[in-house]
Amino acid sequence: MKEVKRKGRHSGYGKCKGTREARLPTKILWMRRTRVLRRLLRKYRESKKIDKHMYHAMYMKVKGNVFKNKRVLMETINKSKAEKAREKTLSDQFEAKRVKNKASRERKFARSEERLARVPGRDKPAAAAPAAAAQPAEVSKKSKK
């Protein structure tokens with residue numbers, strides 16, 4: 001009879017004495033799953049696979065019954081790490097582009113300043129031009145009234 005039981009015979013619904021909850025409480029299942037997931041999180045944090053911020057976020061999700069098993073938790077961790085890495089590369093690219101544009105703007109400004117400095121006799125008319133431009137502006141104001 002023991003060999004037959006070992007094969008899985010005589011274990012149908014008719015042989016069950018007690019409810020499913022009495023035979024294996026859901027609380028025990030919950031405790032087992034939670035302990036497994038928390039153990040995994042601890043291992044990942046100690047091996048520096050996740051930082052303390054991600055650890056805390058995932059820990060609270062484990063507590064909130066978000067992950068049904070270890071595989072789902074590992075997938076979520078890998079997905080969030082990939083997302084974080086992608087955001088970092090995008091921000092680095094944006095920063096490099098910004099620095100490059102700023103440098104080119106400065107070079108362009110320096111070239112134009114150099115061109116203006118090379119032209120002889122350019123300083124005096126340049127200084128007189130704003131004063132001449134201010135007078136007609138006043139005249140046009142009077143003509144509008």
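The values are calculated or read from the model by the stated rules, or taken from the named source; none is laboratory data. Here the structure is a predicted model, which means the values were calculated and not measured. With ideal geometry, Cβ positions are generated from the backbone for all residues, glycine too; neighbour counts draw on all protein chains shown. Just so you know, the surface numbers come from the protein's heavy atoms only, side chains and all, with ligands and any DNA or RNA stripped out. Shrake-Rupley method; radii C 1.70, N 1.55, O 1.52, S 1.80 Å.
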| task | Within segment 18-31, identify whether any single residue is within 25 Å of Ala85 (Cβ to Cβ) and in contact with a helix residue (DSSP H, G or I) (Cβ under 9 Å, 6 or more places away or on another chain), and answer yes or no. | result | no
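Where in segment 1-115 are the helices (runs of 4 or more DSSP H), entirely inside, with at least 3 residues that are open to solvent by less than 100 Å² (accessible area, probe 1.4 Å)? Walk me through how you get there before you give the answer.
Working: elements: 2-6, 20-23, 26-46, 52-63.
Fully inside segment 1-115 and qualifying: 26-46, 52-63.
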| So which residues in segment 33-71 are under 23 Å from Ala85 (Cα atoms) and basic (Lys, Arg)? | Arg42, Lys43, Arg45, Lys48, Lys49, Lys52, Lys61, Lys70, Arg71
| said: Condition (residue is basic (Lys, Arg) and over 19 Å from the mean Cα position of the chain (by Cα)) applied to segment 87-96: is it met by at least one residue? | reply: no
